[in-house]
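Remarks on the structure that follows.
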């Protein structure tokens, strides 16, 4: 994916985690860098109960054992930020930057259906980009199903620009540093 | 069944060939392998043909192997629809570093344009 057209201007600045706020349903939400020991089981739990209709382009995988092997790979290689509801003792969102082996990273973000529409995704993606910028990441890209308008709007709101058009999937790119 | 498999040398297209050859050998399907123009492939059409023949040999399968010039999606639809194939078979896409499935451009074109049924092999 080295041939994306990255915007010339650097996006942001974005506030790095930890970030605490109250979501639109009045729940306290903490956004923080993923910690394997503390968060792994709760993160698996989020994906195990993830609405199949919210899957996109084959992820998260549908079966529990595949969820774990998929997470093992991205948690091992990537930079991960989670959103947690401490009152419910749940991980409710996860955003990640996975290196593509080509000096750029691929971004993905997931918010559990019980916590969608509450303003969490927007805070979560900003915190992830703030964390990525701190880590020195320069180029970020993603693909999104063309008809997934809420996701496309979210990505555009933080500065992603579409870089190719003739496909089921929209490719979007952003410069962080 | 009369199958038309398109191959351009990507990983998913090799997987599609192996799966299809195995089933065709069992079911007695008639298979045509169309070697497509693919500027992204590191293999030349000749090298792809050699590897195709080797794979077919592993399954003891006789198949018609032909080189197709021109736009790969358009040519597959033309051959599939025009020559009475029952099914067009293609690789089901590659995975991104994140694990997202990305369906190839040729597969997208064929799915949207062919009258013949299309199988994307996963």
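FYI, it's all coordinate maths here, none of it is from the lab. This structure is a prediction, so every number in the text was calculated from the model and none was measured. A quick note on method: Cβ atoms are made from the backbone with ideal geometry, for glycine too, and the neighbour counts reach across all protein chains shown.
Springs between alpha-carbon atoms under 10 Å, Gaussian network over chain B: tell me which of B:42, B:53, B:78 tops the mean-square fluctuations. Highest fluctuation of the listed residues: B:42. With the simple model of a label 7 Å out from the Cα in the direction of the Cβ, residue A:5 to residue A:42 spans 4.3 nm. Cα centroid separation, segment A:53-83 to segment B:61-102: 30 Å.
Against the 2.2 N^0.38 Å scaling, with N counting residues, where does segment A:19-175 land? I'd like the Cα-based Rg ratio to two decimal places. Don't skip to the end; give the middle numbers.
Values: Rg = 14.8 Å, N = 157, 2.2 N^0.38 = 15.0 Å.
With N residues counted in segment A:19-175, Rg over 2.2 N^0.38 Å equals 0.99.
Peptide B:89-98 is shielded by partner chain Cβ atoms: per residue, an average of 5 of them sit within 10 Å of its Cβ. Axis angle, to the nearest 10 degrees, between helix A:64-77 and the longest C-alpha principal axis of chain A: 50 degrees. Rounded to the nearest 5, what % of DSSP beta bridges with both residues in chain B are antiparallel? Beta bridges within chain B, antiparallel portion: roughly 10 percent.
Rounded to the nearest 500, the 222 nm mean residue ellipticity of chain B from helices alone is -13000 deg cm²/dmol, with -39,500 (n - 2.57) taken per DSSP H run of at least 4 residues. Pairs of C-alpha atoms in the protein assembly as shown farther apart than 26 Å represent 52 percent of all such pairs. The C-alpha atoms of chain A define a longest principal axis, and helix A:36-48 lies at about 90 degrees to it.
The Cα atoms of chain B cover 37, 29, 26 Å along the three principal axes, with the biggest extent listed first.
Computed from the Cβ-Cβ distance with R0 of 22 Å, the FRET efficiency linking residue A:72 to residue A:33 stands at 0.75.
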